[in-house]
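Structure record follows, encoded as structure tokens.
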Amino acid sequence: GLVYLDGYVFAMDQKGQIWQSDNENPTSWGALNYTSARSEADAGVAITRHLNYIVAFKQWTTDYFYDAGNASGSVLSVNPSAHMEVGCASGNSVQRLEQTVIWMANVVEGGRSIMVLEGLNPQKVSTKAIENFLNASNLSGVYSWVYKIAGHVFYGLVLTDQNVTLVYDFNEKDWHIWT
């Protein structure tokens, strides 16, 4: 995906390199305007904006970048103290809403779960039953959505290989399974 921050557009490739457009010109991308999410050697999966950060989700880890106004190369610098040993299983699971990011997390020791990022701290919101669906999926055709209606905010995660939609109600903090 593409992310906008402080006049720049950013995109991340599978190597974890974060490319940046020229300031206020998303059609121009300088050859040296990039940085890398290189704290670990895992593959780049998704990029999003959260608060004043660019969040680089990789397979097993996540790095946060901020606009440091660097004069050459990318304006971004990594915030090493915000590094997480939690990655992203599918870029299509990432959704932003207001001050929150929700995604299908991936950790080396524990498989897949759904996590919510409020501030810089991830919180697991999935249940064991939801995680059983996540871990059984081959992740082909995964997509997600966010919907607000009648005072409720819903996150939907569609697992097409299982013909199921997992829906989290943020207000009730409860899961529903739609088929």
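The values are calculated or read from the model by the stated rules, or taken from the named source; none is laboratory data. Computed from a predicted structure; not experimentally measured. Reconstructed Cβ throughout: ideal geometry from the backbone, glycine too, with neighbour counts over all protein chains shown. Side chains included, ligands, DNA and RNA excluded: accessible areas come from the protein's heavy atoms. Shrake-Rupley method; radii C 1.70, N 1.55, O 1.52, S 1.80 Å.
Would you call residue 5 open to solvent by less than 60 Å² (accessible area, probe 1.4 Å), touching a Phe, Trp or Tyr at 6+ places or on another chain (Cβ under 7 Å), touching a residue at least 40 places away in the same chain (Cβ under 8 Å) and of a type outside the set (Phe, Trp, Tyr)? No. Could you list, in sequence order, all residues of region 101-111 that are out of contact with any Gly (no Cβ under 9 Å at 6 or more places or on another chain), open to solvent by 10 Å² or more (accessible area, probe 1.4 Å) and touching a residue at least 24 places away in the same chain (Cβ under 8 Å)? The one that is out of contact with any Gly (no Cβ under 9 Å at 6 or more places or on another chain), open to solvent by 10 Å² or more (accessible area, probe 1.4 Å) and touching a residue at least 24 places away in the same chain (Cβ under 8 Å): 111.
Just the residues that are among the hydroxyl-bearing types (Ser, Thr, Tyr), over 15 Å from the mean Cα position of the chain (by Cα) and not in a loop (DSSP other than H, G, I, E, B), please, taken from region 46-82.
First, the residues of region 46-82 that are among the hydroxyl-bearing types (Ser, Thr, Tyr): 48, 53, 61-62, 64, 66, 72, 74, 77, 81.
Still in the running and over 15 Å from the mean Cα position of the chain (by Cα): 66, 72, 74, 77, 81.
Selection gives 66, 77, 81.
Cβ separations smaller than 6 Å between residues 6+ apart or across chains give the following pairs from region 76-87 residues that are over 10 Å from residue 57 (Cα atoms) to residues that are outside any loop (DSSP other than H, G, I, E, B): 76/35; 76/65; 78/63; 78/65; 79/64; 79/66; 82/64; 83/63.
Give 94, 45, 86 a once-over and let me know the one that is of a type outside the set (Ser, Thr, Tyr), touching a Pro at 6+ places or on another chain (Cβ under 6 Å) and open to solvent by 10 Å² or more (accessible area, probe 1.4 Å).
Details: 94 fails: touching a Pro at 6+ places or on another chain (Cβ under 6 Å); 45 fails: touching a Pro at 6+ places or on another chain (Cβ under 6 Å).
When all the criteria are applied, what remains is 86.
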